[in-house]
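Below: the structure, in structure tokens.
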Amino acid sequence: MCKDVIIACDFSSKEELFAFLDKLGDYKPYLKVGMELYYKEGAPMVRELKERGYKIFLDLKLHDIPNTVYKAMRNLGALGVDITNVHAAGGIKMMAAALKGLREGAGEGAMPKLIAVTQLTSTDADTLKNELLINETLENTVRKYALNAKEAGLDGVVCSPLEASLIKGLGLMSVTPGIRLAGDSVDDQKRVSTPALAREMGSTYIVVGRSITGAQNPQEAYAECVRQFKGE
Ligand code: C5P
């Protein structure tokens, strides 16, 4: 499975994003576009990024009834994104409908990877038990949701690098945020790994935001992440 570094583009506008991309020289990295940027700039910006040669992980975490997700995914498939995602909490039927929509939308184009969010890292044991009324451990729900994603035909899940080997053992790919270069501030992340550690733990893709976007020299920081993660 192809390993790569995905830059989390948590910018509030297209102008900010393009100013950042200009700092990367000739690199055309994999980019993660999330809700903030997508809800501001929408599909035209994604098309423009694709035309400029970037691979896109569109991180919109769909979660609705199967028919609605199916129709929404047809539109995302037609956009030509490379990875997109849903919440596994929507259930197996919803995930299967998402996959069908994505496939139809992609048509003759390359089939995007579809991955699932298991439990958000903002969900802790207390929230799980007392708000969501789930009397299982977080780990058990992550495993079960990942198995549901597999049954629905998805390619993998978003998870911590610490869960990457569990996910690999289930035959799924893992896309892992929570990455920092040694010495960088951890910011609001609770548990962080270096790109080298994520590689050792078996992550398929790492998602790196502020360690690259907030670096003095983003080009060097990106190259360092690639060197550590891909061994290049
Ligand atoms: O700047 P930083 O490297 O912490 O950014 C991580 C990115 O990954 C952000 O876009 C964040 O929303 C996302 N993410 C995360 N943890 C998750 C899921 C997504 O940090 N469990």
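The values are calculated or read from the model by the stated rules, or taken from the named source; none is laboratory data. Everything numeric here is computed off the predicted structure, so don't read it as measured data. Don't worry about glycine lacking a Cβ; one is built from the backbone with ideal geometry, like all the others, and counts go over all protein chains shown. The protein model used for the area step is the full one, side chains on, heavy atoms only, and it has no ligands, DNA or RNA in it. Shrake-Rupley method; radii C 1.70, N 1.55, O 1.52, S 1.80 Å.
I'd like to know if the stretch 134-153 contains one or more residues that are within 16 Å of the ligand (Cβ to nearest atom), more than 19 Å from the chain's Cα centre (by Cα) and open to solvent by 80 Å² or more (accessible area, probe 1.4 Å).
Yes - at least one qualifying residue is present in the stretch 134-153.
Could you tell me which of the residues Val226, Val208, Val175 is in contact with a Cys (Cβ under 7 Å, 6 or more places away or on another chain) and touching a residue at least 24 places away in the same chain (Cβ under 8 Å)?
Exactly one of Val226, Val208, Val175 is in contact with a Cys (Cβ under 7 Å, 6 or more places away or on another chain) and touching a residue at least 24 places away in the same chain (Cβ under 8 Å), namely Val208.
Mind listing just one residue for me: the one in the stretch 91-125 that is open to solvent by 30 Å² or more (accessible area, probe 1.4 Å) and in a helix (DSSP H, G or I) and, of those, farthest from the ligand (Cβ to nearest atom)?
Glu104
Would you mention how many residues in the stretch 25-45 are open to solvent by less than 30 Å² (accessible area, probe 1.4 Å) and within 16 Å of the ligand (Cβ to nearest atom)?
Count: 7.
Name the helices (runs of 4 or more DSSP H) wholly within the stretch 138-226 that hold at least 3 residues that are farther than 22 Å from Thr118 by Cα?
Ranges flagged: 210-213.
Report yes if Lys190 is within 10 Å of the ligand (Cβ to nearest atom) and more than 16 Å from the chain's Cα centre (by Cα), otherwise no. Walk me through how you get there before you give the answer.
On the way: within 10 Å of the ligand (Cβ to nearest atom): yes; more than 16 Å from the chain's Cα centre (by Cα): yes.
So Lys190 passes the test.
Given the options Phe20, Phe11, name the one that is within 16 Å of the ligand (Cβ to nearest atom), in contact (Cβ under 8 Å) with a residue 60 or more places away in the chain, of a type in the set (Phe, Trp, Tyr) and in contact with a Pro (Cβ under 9 Å, 6 or more places away or on another chain).
Within the list Phe20, Phe11, the selection yields Phe20.
Run Ala196 past the list (1) over 14 Å from Tyr30 (Cβ atoms); (2) within 11 Å of the ligand (Cβ to nearest atom) and report the number of the one that doesn't hold.
Ala196 satisfies all of (1) over 14 Å from Tyr30 (Cβ atoms); (2) within 11 Å of the ligand (Cβ to nearest atom) except (2).
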